[in-house]
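Okay, so here's the structure we're looking at.
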Amino acid sequence: MARRYKDAPSILQDEKECFLSGTLEGLERHHIYGGANRRNSAKYGLWVWLRHDLHNEPPDGVHFNIDNNRLLQRIGQRAFELRYPDENFTEIFGRNYL
């Protein structure tokens, strides 16, 4: 059985609203770094609320739109480096998005 983990609070937003549009309805949690780094996103609070169409629908959803995805990845890396100055983002996430 897969081990479950609990997300740390988001380091990018305090309010439950779409990070990209400010909308309050139809929200879904988006882990900024997915795949093998999903657990690291959860651990370090690198997730945001997104409206469904900006999360998981073409053409603007971050899972389809590389520009929106990279925007969140750059913002996430900057936030990580400010919040965790003693940690090495590239060592943890395997890539520099800046």
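Structure above, values below:
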| quantity | calculated |
| --- | --- |
| Theoretical gain in end-to-end length, K43 to D67 [0.36 nm per residue, Cα-Cα removed] | 6.2 nm |
| CD proxy at 222 nm, helix term only [per DSSP H run n ≥ 4: -39500 (n - 2.57); per residue of the chain; nearest 500] | -10000 deg cm²/dmol |
| Folded to 0 to 90 degrees: helix 66-83 orientation relative to the chain principal axis, Cα | 40 |
| Protection proxy ranking of 64-74, 41-51, 85-95 - average other beta-carbon atoms within 10 Å, highest first | 41-51, 64-74, 85-95 |
| Calculated FRET value between E81 and T23, using beta carbons and R₀ = 22 Å, to 0.05 | 0.20 |
| Approximate shape of the stretch 2-96 as ellipsoid semi-axes (Cα gyration tensor, √5λ), whole Å, largest first | 21, 14, 13 |
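No lab work stands behind these numbers, since they all come straight from the coordinates. Keep in mind the model is a prediction, meaning the values are calculated, not measured. Note that we place each Cβ from the backbone using ideal geometry, even for glycine, and neighbour counts take in every protein chain shown.
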